[in-house]
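Read the structure below first, then the notes.
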Amino acid sequence: MPLLGPFDRPLPLRSGRSGAAEPRPSTSPVPTAPAPDDVIPVGCERTAALARFVTRTVLGDVETVDASHHELVAVFTEDVEVWSPSFHRCGREALISALRDRDDALRRIEVRITRQMAAERIAFTEWRLQGIFDRAGFVDDDVLVEPSHRAVESSGVLVCEFDGERVRSVRCYYDELGLMEELLLAP
């Protein structure tokens, strides 16, 4: 779940991380939404299906990524760019490596697609995520947050832009502060 990474540094720490983080863009790139009549028109079912796969995979558990490794290689362009408020990677290998080599604060993640719009070259997927907060992490490298072992929810939109049959750009928008509040204020 690195796209929703609430912590600077999760625990336990592991050495040998690959796919080093790149500087975040200073502003979030805002896509242009398809017109309401373009809601999954005939011929765009593949775009919509690929966007659902990407949403469930990049927001899911490490096991989901491990099981989908070959599909991820086939779905993303070599120079794919993935952005969220807490994550930025350029390149398919760096992305897959970051998705596989992580210590998530949440476990038993369930991703539900609540709504979707797709056109030939772009798809918007609204999602709702629920997981159990059961791994400690650091905020600003000095505030330790102990796990509450409670359910945590978040929701947002994932935007996939396509270059032919492959995803060339992924942007994930969600309430980063709302997620952090759930983690910090859980009783």
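The values are calculated or read from the model by the stated rules, or taken from the named source; none is laboratory data. A quick note: this is a predicted structure, and the numbers were derived from the prediction, not measured. Cβ placement follows ideal geometry from the backbone for every residue including glycine, while neighbour counts extend to all protein chains displayed. When the accessible area is computed, the model is the full protein with side chains, heavy atoms only, and any ligands, DNA or RNA have been set aside. Shrake-Rupley method; radii C 1.70, N 1.55, O 1.52, S 1.80 Å.
Could you tell me the largest-minus-smallest coordinate of the C-alpha atoms of region 48-117 on each of the three principal axes, in descending order and whole angstroms?
For region 48-117, the Cα extents along the three principal axes come out at 30, 29, 26 Å.
What does the accessible area of R107 come to, in Å² to the nearest 10, when a probe of 1.4 Å is used?
70 Å²
Could you calculate the FRET efficiency of S148 with E63 from 1/(1 + (r/R0)^6), where r is the beta carbon distance between them and R0 is 35 Å, rounded to 0.05?
0.95
Quick one: accessible surface of E71, probe radius 1.4 Å, all protein chains present, in square angstrom to the nearest 10.
Accessible area, nearest 10 Å²: 90 Å².
With every protein chain left in place, what is the accessible area of D163 in Å² (1.4 Å probe, nearest 10)?
Probe radius 1.4 Å; accessible area of D163 about 90 Å².
Ignoring ligands, DNA and RNA, please state the percent of accessible area on region 44-185 from carbon and sulfur, probe 1.4 Å.
Whole-percent figure for carbon plus sulfur exposure: 46.
Ordering V62, V73, V170 by accessible area with a probe of 1.4 Å, largest first, what comes out?
Listed by decreasing accessible area, they come as V73, V62, V170.
Considering all alpha-carbon pairs of region 44-185, what whole percent are spaced by more than 22 angstrom?
When every Cα pair of region 44-185 is considered, 38 percent fall beyond 22 Å.
Where the centroid of each part is defined by its Cα atoms, how far is region 104-124 from region 126-187 in Å?
Here the two parts' Cα centres lie 12 Å apart.
Using a 1.4 Å probe, what is the accessible area per residue for region 44-185, in Å²?
So region 44-185 comes to 46 Å² accessible per residue, rounded to a whole number.
Around I96, what is the net charge, scoring Lys/Arg as +1 and Asp/Glu as -1 over all other residues with Cβ under 11 Å from its Cβ?
Once all neighbours under 11 Å are counted, the net charge is -1.
For region 43-153, what is the relative contact order in percent, using Cα pairs closer than 8 Å and at least 6 residues apart in sequence?
Once divided by the residue count of region 43-153, the mean separation gives 25 percent.
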